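Note sheet for the following structure.
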Amino acid sequence: MQEPYAIEMLHITKRFPGIIANDDVTIQLRKGEIHALLGENGAGKSTLMSVLFGLYQAEEGEIRKDGKTVHINNPNDANELGIGMVHQHFKLVQCFSVLDNIILGAETVKNGFLQKDEARKKVLALSEKYGLQIDPDAKISDITVGMQQRTEILKMLYRDNEILIFDEPTAVLTPQEIEELMQIMKNLIAEGKSILFISHKLNEIMEVADRVSVLRKGKYIGTVNVADVDEAELSRMMVGRDVQLKVDKKDATPGDVILEVNGLTLASKEHKKNAVNNVSFNVRAGEIVCIAGIDGNGQTELVYSLTGLENPTSGSVKVCGRDITHESIRKRADLVAHIPEDRHKHGLVLDYPLEYNMILQRYYEPEFTSAAGFLKRKEIREYSDRLIQEYDVRSGQGSITITRAMSGGNQQKAIIAREIDRGLKFLIAVQPTRGLDVGAIENIHAQLVAERDKGCAILLVSLELSEVMNVSDRILVMYEGEIVGELDPKKTTTEELGLYMAGAKRDPQFQKGRG
Amino acid sequence: MNENKGFFGKPGVQTIMASLICIVIGLFFGFLVLLLIHPQGAWDSIVTIILNFITRSSGPAKIKALGNTLVKTSPLLMCALSVCFCYKVGLFNIGAAGQYEAGAGIALFAALGWGLPWWVCLILAALAGALLGCISGALKAYRNVNEVISGIMLNWITLYLVNMILTKVKDPASPYTMPLQATNPKAVIPGVGLPAFFANNRYVTLAIPLAVIIAVAIWVVLNKTVFGYELRATGFNKEAARYAGMAEKKNIIVTLAIGGALAGIGAAFLFLTGYQQWTTTQTSVPGMGFNGIAATFLGGLNPIGTIFSSFFIQQITDGGALIDKAIYPSQISDLISALIVYLCGFTMFFRLIIANKLARKGGNK
Amino acid sequence: MLLLIQYTLMFASVLSLVALGGCYSEHSGVINLGLEGIMVMGALGGAMAMQFLGKAPVIVTIFVVMLAAVIVGMIYSCLLGFASIQFNADQTLVGTAMNMLATAAATIIARSFNTMKDPNNVSNTLQYIKQKRAFLVYFGRFEFNWFMVVAVIMLVVGYIVLYKTRFGLRLMACGENPQAADAVSINVYKMRWAGVLISGFLGGLGGIVYITAGVSEWKFEVGVAGFGFLALAVMIFGNLDSKVYNMMPYIISLIVLAFTSKNSAAPKAEGIPYDKSTR
């Protein structure tokens, strides 16, 4: 007797030039369940969901709805079958209102003219029914990430979707908002919806999902009942080996103050408030200080002010005793190493060969440039070859590989090699493991700890709670451009950290407006 | 990725193939238009356009005509280099036409009005072009004005400004500027013995080899120097260039200034030979800058390739002037050039076709 | 003075029509630098229609001439759509090529057209003195042109369509975030085609208004730039040196741009070819 499946994806194979993203993958979603899809970055989860949503077409396999074979050639087909998706990167038009975004593509019209009143009623009713707080007339660019996500959920509900896909929905939320989302998901199930929940976070899956299917490197590993397994077992299924959940490191032995930030303030480009407001802190040699916080609370701007990408409005930045507040990026290059947040935007010239990227921070030094202004080909090649060797950067043709053709993990390794090899006393690492698989993450964490043990002062900016808790020696929490608390990762809990991140708690030591 | 793709697998060869496809399609359309206008002479005319100087009657006449084409190729090449250089830094220098006008204006005024020697006129022309480039660059760097828009505006402003200035040194009886050779022989770029090779075409001067040398120099600067490394990094990824401490705003201005200087020199290369006079009543921006865009893209955005593409564009432009004007309009060459520029937008697509063909061939083996 | 107002109104009509065309294309995510070329072709289509018509009734003349200009403008804008939407070509390059191509092609076509009617006529100037009268209505000495009405209607309709209809909402979504539009089953390619074709429609219309404003013949060698502003400047400044005033519109535009572009918010995805595989 076949069980009543809401949707089945049977033996799906999807190939891209050079890789098989999904290799004979089968998942079956029961009606009214929360089914988690677990896998590392690059395991093929998003590809599989894109196939289901009609964004890609699979080469092999079939999709069944209520036991009947269906063909999904575009999002429209998916929509007609009642499949909706909250994408990892929200698909919202920034300059439109919440309401316009919800109705886009499913507008009510009379003679071609938009009839927004009816739509507004329906949206407000839905928002009430499921506890999804929104302001229909607010512009997307003005609202919080949490509200943007609720807009995305309402988009699905507005279209009366029955099967809801959530692609890594918690990556951008605070622990409290995650709680809230979990509740919303449970409400949705209670109303008869079925949910596919894509994640690589074990604790969330344990909390909310009924069953979980695991993917590894494009292959289907298996489906289990959440009640029958524990986190360790799931992580073994996901990674294929035992995973060191804790980073192996000794206690820090902080030395001299390397970075000294005093009353740093940077006006925001988006709103009237300061993006960074009167921030003061130190980082000592031989310690990793982590800036924790929800995305968009001034971390990026803080880093820009420290690295010279933005010019602070007031306050001062000293590194090794030298005031660099208003020095150009080039001038402070002898003090600050910087692993940037976005490796494609800032970190690499993707169309340059790898060797040119390896010297990106040092190309003008006499080692690589002759007195007449010509590049020293041989020296550049040798230097690049050495870094590739030492830091195990893998690429098709070594130094001459066009960087664009390399995998994300190896691109990141190249950046880290370049920055660490400069041998500076101060390193800023912004989300250094974003989008990488467990092996690469372990490797990068080990390197940061090794640099710390050599006496480097490291400022780590991270959105991943596990990274914040495991890698850092001290945690500074940022909320709305200010530092609101300093925590010891050994003594605090995720819950406490979450309260600070959400702005619900504030250390009296960090008074509003004070340093 | 296939490692061994042989001769046709090389990116350079594919670029050349793509350019040749553009040329063939462009010429084919030109031929179609000729056919539509008057079928009888169409084939002869398209052949004339392509062969240009080779259609002349005698040996010396051919050589002399070739000389004339080369005289006009050198300014075109300079304009193309200007566009090409800026494009490598991610800037579309449509203002090359205006920078060319500025160079012409100053070079001619310095030569005719002030009686200065050719090399001073040349330097002044470069500076004038550079100044104009700087304006576009500064507007882009500090005021976020798109260089295409400011370039178009400056093309017109400069046109009328130059008309105004050169009216002071114009021939009283005509709208043309005074003849250079007669007014100030010192201002004519020296021939250094070159005319002898071109059936005593006295317009063939040092300008031609200089233009080729500059093209090679531009290639070296872009590919072998730290300056080129910075500029190309800026062109590929502005943000990464800033992250690495490169002065992005300075680079934008410097790039457009150099582009401007190149176009300015181009104008001097033409007007300081005495081959042509400036028409002080002209109301349209000279086509040299726009043809420069054609040559740039046809040359595969490579300074060396630009040498050949510039010659080709000038070849068909001159060829177009030889066809029977009683039957065919002389704009037919402009039409072909414009078509080629348009088709250059498809270069990536053509290269993809070539690559796919290769892949299929490889698969059959 | 009356003439001055009349000319100002005419050129304001042209500018608003063409600018509206650019606006539609831009909102769909395609920069239309080829508008000048589209104007030339639209003008050519309209001028040829006027020559064909000879002495047709007023209503027919107005209708047919506008239709011709609009259709030719739209056909010509396909060059932009084809290259930049279907083949991801560099939009700046294609726009520039279209402007170059339009002048050359219009010259050749106008000349061939003349030669066809009279083998000895090799000029590329088209005359339409008589036909042009169809567009004119006189209020006393004030020459009123039907195109002004058309321009005003177009502006109002253009605004409503963009901000009040489903089509407008979807069009703007494609220019701002094509991935978001695609995810809700909007065909980004189709919408961009629509944007480009509408800009061809309005550009073509702008072209015919432009060449019928003030003059009764057009020399296609000169394209459309420069001349109109000259006429206006001469009107304003009487018999002063025209060269300075030729420059004025460009200088003024440049200064205005310098002060307004700093924080200008163009559609986010403008100029970026939409590629389905980059989500």
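The values are calculated or read from the model by the stated rules, or taken from the named source; none is laboratory data. Just so we're clear, the structure is a prediction, and the values are computed from it rather than from any experiment. Cβ: placed from backbone, ideal geometry, glycine included. Neighbour counts: every protein chain shown.
Overview of results
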{"item": "Among (1) over 30 Å from A:Val145 (Cβ atoms); (2) in contact with a strand residue (DSSP E or B) (Cβ under 6 Å, 6 or more places away or on another chain); (3) outside the structural domain of A:Met147 (by TED's automatic domain parsing), the one test that A:Asn225 misses", "result": "(3)"}
{"item": "Looking only at region B:321-352, and only at residues there that are under 17 Å from C:Asn124 (Cα atoms) and small (Gly, Ala, Ser), the one that is nearest to the chain's Cα centre (by Cα)", "result": "B:Ser333"}
{"item": "Residues that are farther than 19 Å from A:Gln412 by Cβ, at the interface with chain B (Cβ under 9 Å from one of its Cβ atoms) and outside any loop (DSSP other than H, G, I, E, B), drawn from region A:356-392", "result": "A:Thr369, A:Phe374, A:Leu375, A:Arg377"}
{"item": "Residue count, region A:106-120 (criterion: touching a residue at least 12 places away in the same chain (Cβ under 8 Å) and either within 19 Å of C:His27 (Cα to Cα) or within 8 Å of chain C (Cβ to nearest Cβ) (or both))", "result": "2"}
{"item": "Some residue of region A:293-310 being of a type in the set (A, V, I, L, M), buried (at least 22 other Cβ atoms within 10 Å of the Cβ), part of a strand (DSSP E or B) and in contact with a helix residue (DSSP H, G or I) (Cβ under 9 Å, 6 or more places away or on another chain)", "result": "no"}
{"item": "Residue in region A:403-413 that is at pLDDT below 95, among the β-branched types (Val, Ile, Thr), buried (at least 16 other Cβ atoms within 10 Å of the Cβ) and not in a helix (DSSP H, G or I) present", "result": "no"}
{"item": "Top-ranked residue in region A:382-432 [being of a type in the set (Phe, Trp, Tyr) and either in the same structural domain as A:Val461 (by TED's automatic domain parsing) or under 26 Å from the mean Cα position of the chain (by Cα) (or both); ranked as nearest to A:Asp334 (Cα to Cα)]", "result": "A:Phe426"}
{"item": "Among residues of region B:125-151, those that are in contact (Cβ under 8 Å) with a residue 40 or more places away in the chain, over 15 Å from B:Cys86 (Cα atoms) and crowded, with 24+ Cβ neighbours inside 10 Å, counted", "result": "3"}
{"item": "The listed residue being of a type outside the set (D, E, K, R) and in contact with a Lys or Arg (Cβ under 9 Å, 6 or more places away or on another chain), out of C:Val40, C:Val58, C:Val65", "result": "C:Val58"}
{"item": "Test: A:Ile27 is β-branched (Val, Ile, Thr) and more than 22 Å from A:Met238 (Cβ to Cβ)", "result": "no"}
{"item": "Failed item in (1) more than 14 Å from chain C (Cβ to nearest Cβ); (2) closer than 26 Å to C:Leu35 by Cβ, with B:Ala96 passing the rest", "result": "(1)"}
{"item": "Enumeration of residues in region A:335-355 that are over 27 Å from the mean Cα position of the chain (by Cα) and either acidic (Asp, Glu) or within 10 Å of chain B (Cβ to nearest Cβ) (or both)", "result": "A:Glu355"}
{"item": "Wholly within region B:240-343, helices (runs of 4 or more DSSP H) carrying at least 3 residues that are within 14 Å of chain A (Cβ to nearest Cβ)", "result": "B:248-271"}
{"item": "Some residue of region B:206-222 being touching a helix residue (DSSP H, G or I) at 6+ places or on another chain (Cβ under 8 Å), modelled with pLDDT of 90 or more and either among the hydroxyl-bearing types (Ser, Thr, Tyr) or not in a helix (DSSP H, G or I) (or both)", "result": "yes"}
{"item": "Among the candidates A:Glu260, A:Glu191, A:Glu204, residue that is in contact with a Gly (Cβ under 9 Å, 6 or more places away or on another chain) and in contact (Cβ under 8 Å) with a residue 24 or more places away in the chain", "result": "A:Glu260"}
